[in-house]
Amino acid sequence: MTTAPLRLPGGPGISRAAGRSPAESAARRWEVQRSFDELGRPLRDLTFCVVDLETTGGSAEGGSMITEIGAVKVRGGEVLGEFQTLVNPHTQIPPFIAVLTGITNSMVSVAPPIESVLPAFLEFAAGSVLVAHNAPFDVGFLQWFAARQGISWPAFDVLDTAKIARRVITRDDAPNCKLSSLARAFHASTTPNHRALSDARATVDVLHGLMERLGGLGVHTIEELSTFSAKVSTAQRRKRHLAEGLPHAPGVYLFRDEQSRVLYVGTSRDLRTRVRSYFTASETRSRMGEMVAIAESVSGIECATPLEAEVRELRLIAEHKPKYNRRSRFPEKVHYLKLTREPWPRLSLVRRVADDGADYVGPFASKKAAEKCLAALHDTFPVRQCSQRIGRDPSGSPCVLAEMSRCLSPCDGSVDQTTYAAVVRQLRDNLLRRPDDVVELITRRMALLAEDERFEEAGVHRDRLAAFVRAASRTQRLTALTRIPHLVAARREDDRSTGSAPRGQWAVHVVRHGRLAAAGVIPPGADAHRFVADLVASGETVRGGPGPAPAATAEETEKILRWLEAPGLRLIEVDGEWSCPVGGATRHLALHDEVNHSRLDLVPFDERRDLPVASRPAR
């Protein structure tokens, strides 16, 4: 590639140095002669204000309020001061948040409002570099309330310890970049506990640990830190030619090693541009640098639409199980909850869905999440928990659970089949249609425990309820689509969403039992009805089956659902009815997602695939 010389007023090809005064030339020479430390602001000389907030939810714009601010001011490793105050949110703190933070309505009732606290905090932080773990959350809240009060936001430099950690911390150092994990990795003197000042103190130790790592990598100034992600090895740049044969079109790309083994599978709306980014400053992930170093070839599969590319990516990852893909490699490693079909039904944790007429909930990406959901149901419904077969006329002896009134005890004839069946019908209704019994009982139990300040016990019930709501919602949404044998939908999409497709063309997808059977973009001037008919005729034959995801992985069906639920969709053909229960579990997800978005440690790292992508916590 060649570039024309820079042309400035005064003649063709004029140099930038021409026309400088002697003073300007001297200043320019001084710039060249400065030492490396003079080229930026050394990190050791800067004052940092490490801040953490506790809030009533995940979005200030959505009405969430600040309940506590904690901050620590440090320079050169020395603590210069601390700032801590509760904040009166003038609204009720949700039970979930009270359980998580230990901050109750009574504690904040006499606290100052944010209108008084924010100016005091800004005075404390003046002249420093703001630091937070997941800074967009904390700084975003502060900026929003400053704008509401008419306060001009100071021109703070902002550092995000979560973002920095993702650049320098490996899985050998810590399993993830949550604050709690990093605090353990760097042996922080304070354990994060979802209280603002404690979390800010822990973040100070994490910041110092990260800076020590960065120093070993040659990062000594804040300017170097801001461009640290741009460091790309020479060997990495030399492999840019691997992208040359790829098209500017949506699709899937596969990196392979010298033995043609698949190292990594990805998707993009522009294959060539995306693959080239792996050899430039755009790619910052350390594991990707390692992958590129051993890659010898890149192949691409052009797709008609981005949705087709996303689905092909999932299928290829499941097939090849590439070493450098972290997610979606083992879709077969899932769990389900099964409500059995027998004289005395029970709940069972299983790995496969059988065609036995039973009801299934899931899939769960981890056994822990499934067990939490199971516990929530057992807390609410006293069905038997034993696994032995019980005949229609049992004559056994009661177990400990029966003595604790947690089981109706069909084994010894304590309950008749009609009564037991009524409880099972109520349980099935909560799983498949209305989860109100489980939600109301566990929410009430959490509130009582929180009032008694038994936060750990309440937290256990919170996690169980969250697992149940997510599982029930997922099952209901998946089943609504997978029970439909044939669906064709179209949406007018511009070139930003269909890659090479010109603006205004229609993307068409054929979906059968929740599996993508065909995809295409109607060409300009084509007969739309004929095109759709040909696409339907060429689509994959898909057979249904039992369970929420009978013909595709749950992740594939959820990607299709997101496309179908986007604005502007036109349904062309639908065999059957596509509907979810009006009173289903999805309506209860909002609060759980707010808690997740507040980047708190609600979900263990290995359970995050159970969450919608948008609600996975970053902390």
Scalar couplings 3J(HN,Hα) for the stretch 150-160 by Karplus 6.51 cos²θ - 1.76 cosθ + 1.60 (θ = phi - 60°), nearest whole Hz, x for Gly and Pro, are x, 8, 6, 6, x, 7, 6, 6, 10, 10, 10
Sorted by chain and number, the residues with a modelled amide H under 5 Å from that of S328, at a separation of 5 or more or across chains, are none
For the stretch 512-527, Karplus-derived ³J(HN,Hα) couplings (6.51, -1.76, 1.60; θ = phi - 60°; whole Hz; x for glycine and proline) come out as 10, 6, x, 10, 6, 9, 6, 8, x, 10, 5, x, x, x, 7, 6
For the stretch 335-478, the percent of all C-alpha pairs falling in each 10 Å bin, from 0 up to the bin holding the max distance, is 11, 39, 35, 13, 1
Set K73/K178; K163/K239; K178/K367; K333/K372; K323/K559; K323/K372, cut-off 25 Å on Cα-Cα distance; pairs above it are K163/K239; K323/K372
Interchain or sequence-distant (5+) residues whose placed amide H lies within less than 5 Å of the amide H of I572 are V488, A489, A490
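Loop-only check: which GluC sites (Glu not before Pro) in the stretch 332-430 are DSSP coil with at most 14 other Cβ within 10 angstrom? Present the calculation step by step, with values, prior to reporting the outcome.
Working: sites: E332, E371, E403; in loops: E332.
Those satisfying the criteria are E332.
Give a quick list of trypsin sites (Lys or Arg not before Pro) in the stretch 500-572 that DSSP marks as loop, anything other than H, G, I, E or B, with at most 16 other Cβ atoms within 10 Å. Show your work: numbers first, answer last.
Working: sites: R503, R512, R515, R530, R543, K559, R562, R570; in loops: R503, R543.
Of the trypsin sites (Lys or Arg not before Pro), the ones in loops of the stretch 500-572 whose Cβ has at most 16 other Cβ atoms within 10 Å are R503, R543.
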Ordering 462-475, 172-185 by per-residue average of other C-beta atoms within 10 angstrom, highest first, gives 462-475, 172-185
The set of residues whose placed amide H lies less than 5 Å from the amide H of S64, leaving out same-chain residues fewer than 5 positions away, is S59
When all Cα-Cα pair distances of the stretch 485-575 are considered, the percent exceeding 19 Å is 40 percent
Expected vector for the stretch 135-141, Karplus 3J(HN,Hα) from phi with 6.51, -1.76, 1.60 and θ = phi - 60°, integer Hz, x for Gly and Pro, equals 4, x, 5, 5, 5, x, 4
Rounded to 0.05, the calculated FRET efficiency for the beta carbons of V110 and I294 at R₀ = 60 Å is 0.45
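Where a number appears in this text, it was derived from the coordinates with a stated rule and is not lab data. Everything quoted here is computed from the prediction, not taken from an experiment. Note that each Cβ is placed from the backbone with ideal geometry, even for glycine, and that neighbours are counted across all protein chains shown.
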